[in-house]
Amino acid sequence: KIAEVRDAIKNSADGLQDRRAVYETRKSFLEKSGRIGQLMKYMKEIEPAQKADFGKKVNELKSWAVDYFDSLDEKIKQKELQSRYESEKIDITLPSTHRQVGCLHPVTQVRNQLIDVFSGMGFTIYEGSEIENDYYNFTALNTPKDHPARDMQDTFYLSPEFLLRTQTSSGQIHVMEKQKPPIKILSPGKVFRSDDDATHSPMFSQMEGLVVDKGITLGDLQGMLDVFVKKIYGDDTRTRLRPSYFPFTEPSVEVDVSCFECGGKGCNFCKHTGWIEVLGAGIVNRKVLENCGIDPDVYSGLAFGIGIERTAMLKYGINNIKQLFESDIRVLSQIDDN
Ligand code: PHE
């Protein structure tokens, strides 16, 4: 009988695949009502002299069975672990799947580059407000009502009193009202004009520069702009000033840089002139200084206004300003200078 149960254990345990089945089978033999327990029923049929021996054999079988199931369980556990290791194995030498990483918007990149260049020259940042009144945007900048120069900047009015600034130049007035010379500020920000075509957008960004001190000249302006132009467009870039007109600067200049496509020889990009216009600037008009309570016989100033989108378009060869606002990843992902 004992040998029979031992064989039964071996037979039923041999084909077991998982730990659950081992557990169930083990129970069917080792539980109180299990087959080993049941062996005790035969006790009464056994001769008194052999009872002790039989009991001992049943106990031996029991502890053999416990060991047998334990080691079977351990074997299956190891096998399961092994196959988990196999299936969860990571090959660290495989090439990784490509993950798209974002970058700063080109307008932000250029704005940061400009800030870098000018803060290196000692400029500090002044951020004006996008909502202005007529006085700061026009009148104080020597552009009184019915001045023809107002037509240069078609204006969005919010009310008879307030408007969306058309230029960051309005910040010049705020700064000069609050601060006495020496002044050296850089003012980046959004401006708004009722303009809309391939190179104009109703909203765009400018970077205003203003320096006021004793003895500031056009030479200082040219020197600063030369540094800026070389840093942004490359060391070979040359600058030239062309006479222009802004009510708040006198004299006023338009700044051109040598065409970076053809090096100044003339190509389609520069309309065969060899030069590209990049910004407006000039010597601060005496009237503007006076409007802010600064004595124009003691101090003089220079100012410039850089179009940030325009700078980005020139630098990265974008010919429609809308591409900077459409957030098309195919365009934006090509521009990462940071
Ligand atoms: N505010 C002018 C514009 O928007 C640019 C400018 C700024 C010109 C400062 C001269 C000096 O066109």
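Being out of contact with any strand residue (DSSP E or B) (no Cβ under 7 Å at 6 or more places or on another chain) and within 14 Å of the ligand (Cβ to nearest atom) is the filter here; which residues of the range 148-184 pass it? Hits for the range 148-184 are A149, R150, D151, M152, Q153, D154, I173. Restricting attention to the range 68-97, the residues being of a type in the set (D, E), open to solvent by less than 100 Å² (accessible area, probe 1.4 Å) and without any contact (Cβ under 8 Å) to a residue 24 or more places away in the chain number 3.
Looking across the range 11-35, the residues that are at pLDDT below 85 and closer than 15 Å to D67 by Cα come down to A13, D14.
The single condition from (1) within 12 Å of the ligand (Cβ to nearest atom); (2) open to solvent by 20 Å² or more (accessible area, probe 1.4 Å) that V191 fails is (2).
Note on the range 210-326: enclosed strands (runs of 3 or more DSSP E) holding 1 or more residues that are without any contact (Cβ under 8 Å) to a residue 40 or more places away in the chain and crowded, with 16+ Cβ neighbours inside 10 Å are 239-246, 249-258, 275-284. If the condition is being touching a helix residue (DSSP H, G or I) at 6+ places or on another chain (Cβ under 7 Å) and near the ligand (Cβ under 10 Å from one of its atoms), then the range 207-254 contributes M207, E208, G209, L210, P247, F248.
Condition check: over 30 Å from K190 (Cβ atoms) and open to solvent by 80 Å² or more (accessible area, probe 1.4 Å). Does Q100 satisfy that? No. The number of residues in the range 168-184 being touching an Asp or Glu at 6+ places or on another chain (Cβ under 8 Å) and open to solvent by less than 10 Å² (accessible area, probe 1.4 Å) comes to 6.
The values are calculated or read from the model by the stated rules, or taken from the named source; none is laboratory data. A quick note: this is a predicted structure, and the numbers were derived from the prediction, not measured. Here Cβ is always computed from backbone atoms with ideal geometry, including for glycine, and neighbour counts include all displayed protein chains. For the accessible areas, the whole protein counts, side chains as well, though only heavy atoms, and no ligand, DNA or RNA atoms are used. Shrake-Rupley method; radii C 1.70, N 1.55, O 1.52, S 1.80 Å.
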